[in-house]
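For reference, the structure discussed in these notes is given below.
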């Protein structure tokens, strides 16, 4: 095959990928097929030595792969596992040539199940010997239209199998029909925002009638030097011209049309973030006082939230946060996201009084921060492309394709990162960098291997070995849970700790002049310990008695890392499995074994039937500072409905919508237990079954806050990032800042009634106010599709956030009509339905109201 032929095949080869059945083999495997249609003039045969590379998050043909080639005799092809999610499909000698307009079906099995279009990846590409790889055009679009519909139960349900006791474990989730969504959406439409400010202030007395007009007269902001930045942010955020002057100028005699920002002790002198806001008329005056500049900043955000049409109501607010840690985590390793996207996220976080930005900068799929002196980390580890040796870049994981022009490639220079730091500092947000180790380190390992080879070729073996992270002679490939070999730094190598020391020193230097580093997060999660079993370096540790046994290697590594971090006077952060290695006994490392002043554990593994949901309280009781980051409610990489067309993973819960995040009670973790992974309700008996997991919280002050997470395996584009985070970030901010009264209610029925009343206020605020604010900031938040039903021949529609406009179509989307009131409908015409964004410029995915289904339901009634 020559390059011209390869290019034509890439342009014209058609692929259809279908999940056929998830249920036949219990939970072990699912059946899928790939149908190829050759629309090119090039006959594909074995002699042309072509191969197609593609990413697949489930292992193909287990248990044959990954150890051997999986040969599909019927179609004459074989699958190979390269690493991570990267596989190849290529012909063998028995492959029947595929001519023009001929088709080939390849049937295979893959591990576990697949129930969503977004499980598949774009940018499959074809190669042939020394030719330049080309992306298959039919897979190049991020709409993933090559993936066929999940239109049957066996395709959208995950599993069906019997437990040892004979009980059937069946996935109960189905995609919501418009009728089911109508019931879920059913709350009162208040025709206005339900809350004046989100997050809800501690004390608020707002006049519902009297207000002052900011557009009448000239306004001046008087601010002391300590809050001059807050004054400039206020000036840049209002739609009127205001002057900003220092508090000590001679103009202080002026006593009307003045906004005063100043420091001073307010009602809680111990809380640096507390503030008081007063709005008066006659003469018009606004005063914001904060214990510290951050308190003044939050007072400014509340003032901005109160402004409507340049008018603000009279009133008084006294406010302080529930938790000192109110965070959002963003993974930029799996897919890189631009500085502009990060700054936009920081803007919205600041608007809703969030103050911690957990920056997940490294993982198997990419290293995203320039480290002076270790240029290979970004030159190799920050790029993904078609280099199977991984000497010039790492493998093209997660559908990034063979070239360097996708979200697989990218990093922040020191200058760019410092600009992000400064932007965060100005908004009172602390940036917490995470360098994930010892697992999730494939990018770093391969970058340092490339460095080793470079200096080895130059004859400088000492420099070559300086920062190697794995045994050079260890060839055993143990896979991580994301199918990665060579993903874990070796705890037996001194070069591993030289590398960590170098990175800690350089990251601290980068922060020093902008935002001094306080907390270094080392990850510590999902380590495939078996990868160290045959390591000569690890065996030497045990032989020399530095480590008593293999199971203590992780603790040895962590203590060494903690010591390095402590020597630089830094706090240490880790995911919960970074300090709890034994998931049977659930015993964390002794807190006193860490030399760090604070060790912050992020609790995430709380699938209710796993027996791990109480780890957060156990860690707090053991003296760790704990951030609540529970997967079942706070993982924003999960879909917002149990629908195959919704983007997201689903290991912790089949879906996490905005209300689920809103309902999370961090002070009462077990009260959040709602459904098993099957969709069956959790019972008291289920919880009692894991009684060892139940720990009463004895040290409440060690729960320091909450954090949302966006892992980006499936998030490649800016709008996708926005739609996964927003609007779920708003209820996260609400719960982290404000403890609702219903959270303290012991009786479940009463608590649910109070929570529903509070959600009604919150949801109306989203639809009538907050989403428009996000529109104005360019945030492409998720728009939920509408619910609908037919009553007495009339269409009724509703939406999760009252106030958003809805539309319907009776001609399959050719024309759309705005829904205002119940509409007469024809008995046989299916209808398309969609929701509009607050500014009317975007739409939800459309859903179908099937009249045949309604007729069937009515006949049953």
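Just so you know, all these numbers are worked out from the coordinates, no wet-lab data involved. Source: prediction; values computed, not measured. Virtual Cβ from ideal backbone geometry, glycine too; neighbours counted across all protein chains shown.
If a spin label sat at a point 7 angstrom from the Cα of residue 686 along the line to its beta carbon, the backbone N atoms of the range 166-198 nearer than 16 Å would be those of 167-174. Rounded to the nearest 5, the antiparallel percentage of DSSP beta bridges internal to the chain is 60%. Annotation: peptides 160-170, 491-501, 426-436, 449-459, ranked by per-residue average of other Cβ atoms within 10 Å with the highest first, follow the order 426-436, 491-501, 449-459, 160-170.
So for the range 3-170, averaging the separation of alpha carbon pairs under 8 Å that are six or more residues apart and normalising by length, what relative contact order in percent results? Dividing the mean separation by the residue count of the range 3-170 yields 32 percent.
Note on the range 323-374 and the range 512-555: Cα centroid distance 25 Å, given to the nearest whole angstrom.
For the range 203-319, the relative contact order is 34 percent, taking Cα pairs closer than 8 Å that sit 6 or more residues apart in sequence and dividing their mean separation by the residue count.
Comparing Cα centroids, the range 76-140 and the range 169-205 end up 42 angstrom apart.
Report the gain in length on full extension from residue 791 to residue 850: 0.36 nm times residue separation, minus Cα-Cα distance, nm rounded to one decimal. Working shown, then result.
Working: separation 59, 0.36 × 59 = 21.24 nm, distance 1.40 nm.
My answer for the length gained is 19.8 nm.
In terms of the mean number of neighbouring beta-carbon atoms within 10 Å, the peptides 586-593, 728-735, 545-552 order highest first as 728-735, 586-593, 545-552. Between residue 555 and residue 137, the C-beta separation translates, for a Förster distance of 51 Å, into a calculated FRET efficiency of about 0.50. Per residue, the chain reaches -7000 deg cm²/dmol at 222 nm when only DSSP H runs of four or more residues are counted, each adding -39500 (n - 2.57). Once both labels are modelled 7 Å past Cα along the beta-carbon direction, what's the residue 675-residue 757 spacing in nm? Going by the 7 Å Cα→Cβ label model, 2.7 nm. In this label model, residue 225 and residue 841 are separated by 4.2 nm, measuring between points 7 Å along each Cα→Cβ vector. On the beta carbon distance between residue 74 and residue 610, with R0 = 56 Å, the FRET formula returns roughly 0.90.
In this simple spin-label model, placing a label point 7 Å from the Cα along the Cα-to-Cβ direction at both residue 239 and residue 339 gives a separation of 3.1 nm. Applying 1/(1 + (r/R0)^6) with R0 = 51 Å to the Cβ-Cβ distance of residue 591 and residue 744 gives a FRET efficiency near 0.95.
Which residues in the range 275-305 have a backbone N closer than 15 Å to a point placed 7 Å from the Cα of residue 255 along the Cα-to-Cβ line? Answer for this model: 280-286. Only Cα pairs under 8 Å and 6+ residues apart enter the sum, and on that basis the relative contact order of the range 138-190 stands at 21 percent. Multiplying the residue separation of residue 100 and residue 16 by 0.36 nm and subtracting their alpha-carbon distance yields 28.6 nm.
Each 10 Å bin from zero holds the following percent of Cα-Cα pairs in the range 532-656: 12, 33, 29, 19, 6, 0. The P(r) of the chain has a tail past 45 Å containing 31 percent of all C-alpha pairs. When 749, 722 are sorted by how many other C-beta atoms sit within 10 angstrom of their C-beta, beginning with the fewest, the order is 749, 722.
Highest mean first, the peptides 359-365, 396-402 sorted by other C-beta atoms within 10 Å per residue fall in the order 396-402, 359-365.
So between residue 415 and residue 189, what do we pick up on full extension, going 0.36 nm a residue minus the alpha carbon distance?
76.5 nm
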